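Notes follow the structure.
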Amino acid sequence: VVLLGNFNGEELGEENKDFKVLMRCKPGIEFVRVLVKNHRLVGATLIGDVDLAETFENLLLNQINIASIEDELLREDVDLEDYFD
């Protein structure tokens, strides 16, 4: 289990709903949820296969704008390391 940044969205507040939740789930294998605000990753929860943890941590810490790949962020056929190498 890897929890990054504002992984549960609590700090975003109930009144602040201008964030996006992206999820990918394979029951019994993995669960990945990321919170995106203003095209920047603000939190992530990874359970199971956590290969994306380092990439997500770098996106979060460096506040990289992910607008160009936001819709593909959790697609399995996209290698995020190619974008952020």
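The values are calculated or read from the model by the stated rules, or taken from the named source; none is laboratory data. Note that the coordinates shown come from a computational prediction; the quantities given were computed from them, not determined experimentally. In this analysis, Cβ positions are derived from the backbone assuming ideal geometry, glycine residues included, and neighbour counts consider all displayed protein chains. To get the accessible areas, we keep the full protein, side chains included, count just its heavy atoms, and leave off ligands, DNA and RNA. Shrake-Rupley method; radii C 1.70, N 1.55, O 1.52, S 1.80 Å.
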From phi via Karplus (6.51, -1.76, 1.60), per-residue ³J(HN,Hα) for segment 35-49 in Hz, x at Gly/Pro: 10, 10, 9, 6, 6, 9, 5, 10, x, 8, 10, 10, 10, x, 5
Figure the gain on full extension for Gln63 and Cys25 (residue separation times 0.36 nm, minus the Cα-Cα span) and round it to one decimal in nm. 11.2 nm
Accessible surface, the chain, averaged per residue in Å² (probe 1.4 Å): 63
At most 14 other Cβ within 10 Å, DSSP loop - GluC sites (Glu not before Pro), segment 42-85: Glu76
Going by amide H atoms built from the backbone, whose H comes under 5 Å of the H on Gly43, apart from near neighbours? Asn6, Leu35
Derived scalar couplings ³J(HN,Hα) [segment 54-65; Karplus, 6.51 cos²θ - 1.76 cosθ + 1.60; whole Hz; x for Gly, Pro]: 5, 5, 5, 4, 5, 4, 5, 5, 8, 6, 6, 6
Point-charge dipole on Cβ atoms (K/R +1, D/E -1) for the chain, about Cα centre, debye to 20: 340
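Return the carbon/sulfur percentage of the accessible area of the chain, one whole number, probe 1.4 Å, all protein chains in place.
47
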What percent does the relative contact order of segment 5-77 come to when contacts are Cα pairs within less than 8 Å and at least six residues apart? 27
